[in-house]
Structure formats: C-alpha cells, structure tokens
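The values are calculated or read from the model by the stated rules, or taken from the named source; none is laboratory data. Bear in mind the structure is a predicted one, so any value in this text is a computation, not a measurement. A quick note on method: Cβ atoms are made from the backbone with ideal geometry, for glycine too, and the neighbour counts reach across all protein chains shown. Please note that ligands, DNA and RNA were not included when accessible areas were found on the heavy atoms of the full protein model with its side chains. Shrake-Rupley method; radii C 1.70, N 1.55, O 1.52, S 1.80 Å.
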Amino acid sequence: MDRQPNGLALISGGLDSRLGVCVLRDAGAYMEGVCFETPFFSANAARQAAEQLKLKLHIVDFTADEIALIKHPPHGFGGAMNPCIDCHATMIRRAGELMRELGFDFVSTGEVLNQRPMSQNRQSLGVVEKDSGLKGRLVRPLSAQLLEPTIPETEGLLDRTKLLALSGRRREPQIALAAHYGLTDYPSPAGGCEAAEDDYGG
C-alpha cells in the first residue's frame, strides 16, 4: 500500500457501525463518519458513537429523501410503511456523493451478512450496492471475506485479510470484538426508524 486509504462510514450509533470503523482503522484506513437525520430518526446515537470513537462526523438532513421514498418506494414497502431497501440505498448514494466531494476511496457500513433475513441477505445487499451507484466502492468490513472483493481491496488499499467474515444473527462475536476494542458503552440492538414501526401514524 503506497498511501493510507480514506473511508466514510455510515454511523447509526449501534455497535456494528462502531465496530466497522474499528476494523477498518486496524486495516490502516483513515475514517470519517456520516449519519442521516430526519423526523423519523435522530442523530443523537451517532453523535455519541462519534465522540466515543473520536471520529469526525458529517450530519446530513435526509428529510426530503425520506418523504419522497415513503410516497414512492421503487422496491415497494416493507412489513410496515418502511421502504427499507430504497432508504438504505439512497443513504449510501448520498454518502457516495460526500465520498467523492471529500476525495475519499470508499463508503463503509456495519452490515453483517444474514443478520437481518430480509434486508441483509446476499441478494438485498447486492440490490442496495447496485441501486446506490457505489458498486465496488461499498465496503462491509464485518462480513467482507464472505462477499466479493471491493475495489479498495483489489487495488491493495485495504488488506482483505484484516477484514472479517461474520454472518448470522449471533451477537457473541460482536460483543467479544467490543471488549477487544474497549467499547463498553453502546446501545442494545434495536430498530431505530419510526417509519418501520407497525403502529406508526396509527
């Protein structure tokens, strides 16, 4: 590697997104964070995560995007009123715009393959990558060894052997990683978007 790679991590405030930053830093990357704020979800947890990680955080107002997706979700609705795949793809697309503006090499998420059976299976991850326009530039460090190599990996900017191969809904590996990185204060896994609640607006 001739230079340090630069990555922009989607930060939700949950444990997985925090661990993704830690893993990528261990792989030699300089990381900054981006989070999206709307009336449906607050950026407070992301701010707390960024403070814990000493991570520069970019906060993007996502309200107009969210309203447009709720009215006309390209892939239809989820179990409630949530166009989750479209929303996630749009967030990553917006992060990609910021990535290019900053001159960074990739966008990363804390997604774990098969952790959520509908939105994080291999097909859904592929749809999000394609629809975001970031094919090859979207790194999922917690499951990277189970997915196709990304451009930063094939170009030698990121060492694939330092990325992980997590899969499934078990939380023990993440809890062990949190202890390894000294992360002791983090929220329990939970939904963060009110648009995904069955009784939203009821």
- Item | Label-point separation in nm, Arg122 to Ala176, each point 7 Å along Cα→Cβ | 2.4 nm
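What net charge is computed for the residues neighbouring Gly33, neighbours being all others with C-beta under 11 Å from the C-beta of Gly33, Lys and Arg scored +1, Asp and Glu -1?
Details: positive: Arg18, Arg47, Lys54, Lys56; negative: Glu32, Glu51.
Combined, the nearby Lys, Arg, Asp and Glu give +2.
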- Query: Given the protein chains as shown and a 1.4 Å probe, how many square angstrom of Asp159 are accessible, to the nearest 10?
  - Reply: 60 Å²
